[in-house]
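The values are calculated or read from the model by the stated rules, or taken from the named source; none is laboratory data. Note that the structure is a prediction, hence the values are computed from the model and not measured. With ideal geometry, Cβ positions are generated from the backbone for all residues, glycine too; neighbour counts draw on all protein chains shown.
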Amino acid sequence: MTTACPICTSDTVSLWKTDEADYRRCPKCDYLKPCATGLKPLELNVQIYTEKFDERLSTVSVVDPKRARKYGRLLAAVASRRSTGNFLDIGCGAGRLLQVAAARQWQAFGADPAMTNAASQKRDGITIVPRVLQECGFEDGFFDVVHANEVAEHVPDVSDLVGEIARILRPGGVVVFRTPHYRSWSARLVGSRWRQYGLWGKGHVGFLSVKTFRYLFSQHSLRLNRVETQHFSVRDWWGEKRSPLRRIVHRVCRLVEPIVRLTHNGERLTVWGEKPSA
Ligand SMILES: [Zn+2]
């Protein structure tokens, strides 16, 4: 089992061990990696998500109004510089975000190795390639926007992924990553019980912090523009236990939320980057 950091090759340090894996952190770039014998991240993730999505492909291809508004806000935010062009969603699933993007005149592309069946469904203005990004063969500088929600924690070589994104973005193009934040207060509070730590069940093979993104972006000449985090909860600490205290704790968590966001300690991390114009 290799214990060198896959991003910067530094020696990693073991933080804790579970039945599943040895969780090791890189002191240089802050990447946290569960190391396990016999782990094949791509095969594991394709298996988990093909089964998950194929079961409900017909329902997930329908965008409900609440989700459509959420996606609309995202597209409005990324469109501060350009409101149409080529849009890529990595880990696109059945392509719900792509539907909303296409309706707003974006040329919408998706890449997802678990989405063979979604890719075969032809829809106007949407192209889904059922492969990992590095195998899609997109042209240099093709995309105005690249979006990767819940992707970074699933890929074995995240530096290679960011390098490919840097290649296919046009100068001035925008990249948005969203991923579980292991440096959040929630994660620190509950330690190894944090629900995002699921190797064989969830396919989460690596965790990034703001420091990791800074390292990755500078490795590939991307500029880090904005960091946001949200959500504070202690539910993993609390478990499923019913208690009158539970509601009070929940309210306290909600009161703490603005501080969590202000100090970038929320458990969902969003990072905005840009490929500098030449
Ligand atoms: Zn590292």
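Worth a mention:
- Taking the range 207-258 as the range and being surrounded by fewer than 18 Cβ atoms within 10 Å (Cβ to Cβ), touching a Phe, Trp or Tyr at 6+ places or on another chain (Cβ under 7 Å) and acidic (D, E) as the test, only E257 passes.
- Hits in the range 105-121 - residues which are touching a strand residue (DSSP E or B) at 6+ places or on another chain (Cβ under 9 Å), at pLDDT below 90 and either more than 13 Å from K52 (Cβ to Cβ) or assigned to a helix (DSSP H, G or I) (or both): A118, A119, S120, Q121
- Elements of the type strands (runs of 3 or more DSSP E) sitting completely within the range 1-48 and holding at least 1 residues that are surrounded by fewer than 19 Cβ atoms within 10 Å (Cβ to Cβ) and more than 14 Å from the ligand (Cβ to nearest atom): these cover 13-17, 22-25.
- Every residue from the range 94-111 that is without any contact (Cβ under 8 Å) to a residue 24 or more places away in the chain and within 19 Å of V175 (Cβ to Cβ): Q107, A108, G110
- Close pairs (6 angstrom Cβ cut-off, 6 or more residues apart or separate chains): modelled with pLDDT under 85 in the range 68-82, outside any helix (DSSP H, G or I) and buried (at least 17 other Cβ atoms within 10 Å of the Cβ) anywhere: V78/V145; V78/V174; R82/D144
- The listed residues are R261, R183, R188, R178, and the only one of them that is of a type in the set (D, E, K, R), under 21 Å from the mean Cα position of the chain (by Cα) and closer than 24 Å to Y49 by Cβ turns out to be R178.
- Considered as a group, the residues in the range 205-230 that are in contact (Cβ under 8 Å) with a residue 40 or more places away in the chain and small (G, A, S) include one that is nearest to P258 (Cα to Cα), and that residue is S209.
- Matching residues in the range 155-180 - criterion: being under 21 Å from G203 (Cα atoms) and part of a helix (DSSP H, G or I): V158, S159, D160, L161, V162
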